[in-house]
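What follows is a set of notes on a single structure, which appears directly below.
The values are calculated or read from the model by the stated rules, or taken from the named source; none is laboratory data. Not measured: the values here are computed from a predicted model. Positions of Cβ are backbone-derived with ideal geometry, glycine not excepted, and every protein chain shown enters the neighbour counts.
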Amino acid sequence: MNNTEKIITEIKEFHTAIEAWFRGNTDREMLYQKLLSGFAPDFKMVSGNGNSITLAAFSEWLPGAYGKFPDRTIILENIEAESTECHGLASYIEIQITGSTTTRRQSSAVFVMAEEKALWLHLVEKWIV
């Protein structure tokens, strides 16, 4: 698998895992470790609301979201990625459906390549109206 394929795989696997986390229908501790294992230690995110979130803040937020949205579905569209030997850049649209509420965000992410895995380094989300 080349680095671009690793990035696309990581995006898909993360969103499958976070959907399971929101639904609360899997082993909590195992999934928690799996979710966090995909991030570089100095990961930062800018949310759709403009808030800056570190990996530490994200890991503290996760437990409160476990099982909070048992009917949430996450759909990914238009995943595009490019990579070098050491880094990658990806963009995609994330759609979250919870009951009758649908939210859409355009996401851009920078990844670092570590061994055989793409690790999230920086993520920027922008709400799509």
Subject >> Elements of type strands (runs of 3 or more DSSP E) in segment 35-129, at least 1 residues being in contact (Cβ under 8 Å) with a residue 60 or more places away in the chain, in contact with a helix residue (DSSP H, G or I) (Cβ under 8 Å, 6 or more places away or on another chain) and among the basic types (Lys, Arg) >> reply: 39-46, 117-128
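Pick out the one residue from THR54, THR26 that is hydroxyl-bearing (Ser, Thr, Tyr) and modelled with pLDDT of 95 or more.
Numbers: THR26 fails: modelled with pLDDT of 95 or more.
Just a single option satisfies the conditions, and that option is THR54.
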Original post:
In segment 72-94, which residues are among the charged types (D, E, K, R) and at pLDDT 95 or above?
Top reply: ARG72, GLU77, GLU80, GLU82, GLU94
Original post:
Do you know which of the residues in segment 17-34 that are touching a residue at least 24 places away in the same chain (Cβ under 8 Å) and part of a helix (DSSP H, G or I) is surrounded by the most Cβ atoms within 10 Å (Cβ to Cβ)?
Top reply: TRP21
